[in-house]
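What follows is a short report on a single structure.
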Amino acid sequence: MTKENMKLNRRSMLRGAAVAAVASPALVGKAIAAGEVTWRVQAHWPKASSSFTASLGVVAAQLEEKTEGAFKLELLGAGEFAKGPDIYNIVRKGVVPMGTISPSYISDQAEAATFAYGIPGTLRQAWEMEHAIKNLGVEALVNEDLNADGVHMMCEKVLPTEMVLSKKIESAADFQGLKIRSSGAMLDYLAAAGAAPQYIPGSELYQSLSSGVVDGAHWGAAIGAQSMSLWEVCKYHYKPVLAQTTDAFILNQDALEGLPDDLRSALVDTITTRFFLRSAEYQHFEAIALTEGVANDGVEVMTLPDDVLEMLATASAQILETEGQKGEKAAKAADIYRTLMKDMGYA
């Protein structure tokens, strides 16, 4: 069997699993009757992060219920086996069969990964990003590269990215040199406006902020700041949204193919359905979290100055152009963004 045929068979398997799951919600089959399967899942979220429980924990609970206890997930917080970008390699090698990541971690593995993460300053609403990822094909473009490497990605939710800072920003001069925890294309985006962004794993973020190693961060938006206690040291929460972005599940292809059909269908269907439910739920909880932050934590909601926003707008166009030049799949992803932005009247 050729490598190309193997890729096609893998895609067909995943499509078939999703269809079977939708068509057969009562999943009592041979595998379920035969016994229990337990997968370890290495999350990029610390256990303190809301998504560890409300995203990964809910998927685990639903999967166990759907399979009548036959398929369980053992959840590992950031750093238990690996953290950040290292999670991709332990899933690819089969050290664990499943993990969670930010797509920003896999820009070296997939041409279109940055488009799955979210290009800063482009799409403005969560549904636009959901549409681009699932309906218009960004996720599929990423998987063209990852599947060849033995990994499959399924986006977990769309979420907004907003900054929290320990300092008030009233002009571009105030933004100059600010040390901001960031990742992926957002590093270039913030640097273009004069900041000094740097990557720090989530498990080290609170300590880095409280000790002054960095002046601010983005870890999602309000929910992330609240669950990670970032507002304790960063009282200024900045609008507008820097980007609509995603988190994602990654699965080892051999482990996925090795599952009995009914368990594989249950896993794929649970993740697929949860993406849309969690994305909508997240927007609701964002509003609640920010209201609570203002009332209970002394948070001030601020707007970035116009001169900073102008520099960020210029950077956004440059990043979109640069990312689209990485190859054929990246160019297709860039066209998806440009078409949607034009249709929405943004460009």
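The values are calculated or read from the model by the stated rules, or taken from the named source; none is laboratory data. Since the structure is predicted, the reported quantities are computational estimates derived from the model, not experimental observations. So basically every Cβ, Gly included, is an ideal-geometry build from the backbone, and we count neighbours across all protein chains shown.
Structure data summary
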| quantity | calculated |
| --- | --- |
| Count of residues meeting criterion [closer than 24 Å to K93 by Cβ, buried (at least 18 other Cβ atoms within 10 Å of the Cβ) and under 20 Å from the mean Cα position of the chain (by Cα)] in region 34-54 | 7 |
| Residue list for region 201-251, restricted to those being in contact with a Lys or Arg (Cβ under 8 Å, 6 or more places away or on another chain), crowded, with 19+ Cβ neighbours inside 10 Å and closer than 30 Å to H131 by Cα | G202, A217, H218, W219, V241, Q244, T246, D247 |
| Cross-chain or 6+ apart pairs with Cβ under 7 Å, region 179-199 first and of a type in the set (S, T, N, Q), then assigned to a helix (DSSP H, G or I) | S182/L190; S183/S104 |
| Which numbered condition A295 misses (of (1) loosely packed, with under 15 Cβ neighbours inside 10 Å; (2) closer than 29 Å to V142 by Cα; (3) of a type outside the set (F, W, Y)) | (2) |
| Unique match (being hydroxyl-bearing (S, T, Y), in contact with a Gly (Cβ under 7 Å, 6 or more places away or on another chain) and surrounded by 14 or more Cβ atoms within 10 Å (Cβ to Cβ)) among S316, S279 | S316 |
| Single unsatisfied condition, G216 versus (1) more than 25 Å from H44 (Cα to Cα); (2) in contact with a Cys (Cβ under 6 Å, 6 or more places away or on another chain) | (1) |
| Conditions (1) part of a helix (DSSP H, G or I); (2) in contact (Cβ under 8 Å) with a residue 60 or more places away in the chain; (3) within 21 Å of L76 (Cβ to Cβ); number of the one not met by F249 | (1) |
| Odd one out for V268 among (1) buried (at least 22 other Cβ atoms within 10 Å of the Cβ); (2) under 19 Å from A217 (Cα atoms) | (2) |
| Any hit, region 286-297, residues being in contact (Cβ under 8 Å) with a residue 24 or more places away in the chain and either assigned to a strand (DSSP E or B) or touching a Lys or Arg at 6+ places or on another chain (Cβ under 7 Å) (or both) | no |
| Boolean, G177 is surrounded by fewer than 20 Cβ atoms within 10 Å (Cβ to Cβ) and either more than 18 Å from D247 (Cβ to Cβ) or under 16 Å from the mean Cα position of the chain (by Cα) (or both) | yes |
| Conditions (1) free of Cβ contacts under 8 Å to residues at least 12 places away in the same chain; (2) closer than 30 Å to M228 by Cβ: number failed by E300 | (1) |
| Count of region 81-92 residues which are touching a residue at least 12 places away in the same chain (Cβ under 8 Å) and either surrounded by fewer than 21 Cβ atoms within 10 Å (Cβ to Cβ) or part of a loop (DSSP other than H, G, I, E, B) (or both) | 7 |
| Single residue of L259, L263 found to be in a helix (DSSP H, G or I) and modelled with pLDDT of 95 or more | L263 |
| Residue within region 95-110 that is under 16 Å from A333 (Cα atoms), in a helix (DSSP H, G or I), among the small types (G, A, S) and at pLDDT below 95 present | yes |
| Set A60, A78, A31: member being of a type in the set (A, V, I, L, M, F, W, C), in a helix (DSSP H, G or I), crowded, with 17+ Cβ neighbours inside 10 Å and at pLDDT below 95 | A31 |
| Selected residue [out of contact with any helix residue (DSSP H, G or I) (no Cβ under 6 Å at 6 or more places or on another chain) and of a type outside the set (S, T, N, Q)] from G298, G324, G293 | G298 |
| Residue match in region 307-317 (condition: within 27 Å of G99 (Cα to Cα), without any contact (Cβ under 8 Å) to a residue 60 or more places away in the chain and part of a helix (DSSP H, G or I)) | no |
